[in-house]
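No lab work stands behind these numbers, since they all come straight from the coordinates. What you are looking at is a predicted structure, and each value in this text was computed from that prediction instead of being measured. Every residue, glycine as well, gets a Cβ built from its backbone with ideal geometry; the counts of neighbours run over all protein chains shown.
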Amino acid sequence: MSEGPTRNPVSVNLLSGKITQFSMSTQSSAIQNLEIQDADGTSLVEQSGQGTSHFFAAGGRFTAGRNPHTVTITANNRNSSVRYSSAMISDTSGNIFEVTHVLASEDGGDGDYNDCFVTLTSFARSG
């Protein structure tokens, strides 16, 4: 597992050409925006949500493009502070089964890093 510093946007590697699922939840009254782009600048995900009682804002899947991918989280048209962690599951021969990235943002209010919470999981195989 690797943990990244506070920054935004965050650069992550996914399994190119493979299905990646994402989820986005919010715990903020401010509108939270999520954008994921591949290395070519192609926007793969654009979602927004807000709320403090209905946490799940969006979810879905996309085919990962060329690495690295850029994940940007904004609130009120300003970049949020983002903490993130990544993990990979593989076998003893180094064959990768999946890669997961977890990102938590702070939009400037109380320092709790729960304003927008995003998970990305890229699968080597589907089905």
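What's the whole-number percent of alpha carbon pairs in the chain lying beyond 27 angstrom?
Looking at the chain, the distances longer than 27 Å represent 16 percent of pairs.
Given S80, N13, F117, which one lies farthest toward the positive end of the charge dipole of the chain, if we put +1 on the Cβ of every Lys and Arg and -1 on the Cβ of every Asp and Glu?
About the Cα centre, the residue reaching furthest to the positive side is N13.
Just how far, in whole angstrom, is the range 42-80 from the range 87-104 if you go by their alpha carbon centroids?
For the range 87-104 versus the range 42-80, the Cα centre distance is 21 Å.
Given the options D38, D110, D91, which has the most mean-square fluctuation in a GNM of the chain, springs set between C-alpha atoms less than 10 angstrom apart?
Result: D91 has the largest fluctuation of those listed.
Looking at the chain as a GNM with Cα springs under 10 Å, which of T74, T100, T63 has the largest mean-square fluctuation?
T63
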